Amino acid sequence: MKTQRRLSPSRIIAYVALSFLTAILVCLGVWQVERLSWKHALIARVDARVHAAPVAPPAQAQWKTVSAEGDEYRRVTMRGLFENDRESLVYASTALGPGYWVMTPLRLSDNTAIIVNRGFVTLDKKNPLARQAGQIVSAASITGLIRMSEPKGSLLRSNDPCTGRWYSRDVAAIAQNNGIENAAPFFVDADDTPNPGGWPVGELTVIDFPNNHLVYAITWFVLALMAAGLLVIMVRTAKARHDDDRLAIP
């Protein structure tokens, strides 16, 4: 007489859990492959913008459509007058050490203003009087990269407009705090054209997109393979025990 051994509830749960885990891990691996493709496209797009010939910045009528995906790191060139009395200093840590980004509005001929990150100054150059030669008062031509606003502050510190302490380049807050009218919602990182007196130092923009998606994808697929392998081992072990039980029955 033959008897059929039923799977225990715990084993059924284990099979389902491992099957579900395998599917999730495969999905995560596929997602990372898609992210890898997206990152490669992003890097290629930014590289093309950075090395392209400079164009005019977006006009005021286009400001609402300016986005990181469509415009960030685009090279632009413009001419206007710096409003040096409305500059803001944003704390920065660069290859030159700790210091500040000098954020100064450039007033264009159409009366709009684009805040320019003129570059970096060291702590001892915080006071404009310590870099008086660099406070350009005549019309200036600026070439640089469009950057998106950085609202609210850094990861560890919040901007404090009341005390003039800035930890991120929050264009809207800086414009409001300094009374900059018709300010663009983005800023421009100036290139390395030397400033009189050598300060600020421009073109310290760091363009670095971490690209670990291939490693992540391989990790998820390996874990999926391990989960699937464990499931196969459990199924085969259960089948072998079942066959042994059948042979043991007289």
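See the values below:
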{"quantity": "Matching residues in the range 65-122 - criterion: being assigned to a helix (DSSP H, G or I) and closer than 18 Å to ALA172 by Cβ", "calculated": "THR65, ALA68, ASP71, ARG86"}
{"quantity": "Residues located in the range 146-169, provided they are farther than 18 Å from ASP85 by Cα, out of contact with any Phe, Trp or Tyr (no Cβ under 6 Å at 6 or more places or on another chain) and open to solvent by 50 Å² or more (accessible area, probe 1.4 Å)", "calculated": "GLU150, PRO151, LYS152, LEU155, LEU156, SER158, ASP160"}
{"quantity": "Breaking point among (1) at pLDDT below 95; (2) closer than 20 Å to ASN84 by Cβ; (3) not acidic (Asp, Glu), for ALA173", "calculated": "(1)"}
{"quantity": "Single condition GLU150 does not satisfy, out of (1) without any contact (Cβ under 8 Å) to a residue 60 or more places away in the chain; (2) at positive phi; (3) of a type in the set (D, E, K, R)", "calculated": "(2)"}
{"quantity": "Number of positions in the range 179-201 that are open to solvent by less than 10 Å² (accessible area, probe 1.4 Å) and of a type outside the set (Val, Ile, Thr)", "calculated": "5"}
{"quantity": "Residue ID - farthest from the chain's Cα centre (by Cα), chosen from residues in the range 134-157 that are outside any strand (DSSP E or B) and among the basic types (Lys, Arg)", "calculated": "ARG157"}
{"quantity": "Only listed residue being basic (Lys, Arg), modelled with pLDDT of 95 or more and touching a Phe, Trp or Tyr at 6+ places or on another chain (Cβ under 7 Å), chosen from ARG74, ARG49, ARG86, ARG79", "calculated": "ARG49"}
{"quantity": "Any hit, the range 37-51, residues being touching a Lys or Arg at 6+ places or on another chain (Cβ under 7 Å) and open to solvent by less than 70 Å² (accessible area, probe 1.4 Å)", "calculated": "yes"}
{"quantity": "Lone unmet requirement of (1) open to solvent by 30 Å² or more (accessible area, probe 1.4 Å); (2) closer than 18 Å to GLU72 by Cβ; (3) of a type in the set (A, V, I, L, M, F, W, C); (4) touching a Phe, Trp or Tyr at 6+ places or on another chain (Cβ under 6 Å) for ALA172", "calculated": "(4)"}
{"quantity": "Criterion violated by VAL33 - all others in (1) closer than 18 Å to PHE221 by Cβ; (2) loosely packed, with under 15 Cβ neighbours inside 10 Å satisfied", "calculated": "(2)"}
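The values are calculated or read from the model by the stated rules, or taken from the named source; none is laboratory data. Keep in mind the model is a prediction, meaning the values are calculated, not measured. Backbone-built Cβ (ideal geometry, glycine too); neighbour counts: all protein chains shown. Quick note on the areas: whole protein, heavy atoms, side chains included, nothing else; ligands and nucleic acids left out. Shrake-Rupley method; radii C 1.70, N 1.55, O 1.52, S 1.80 Å.
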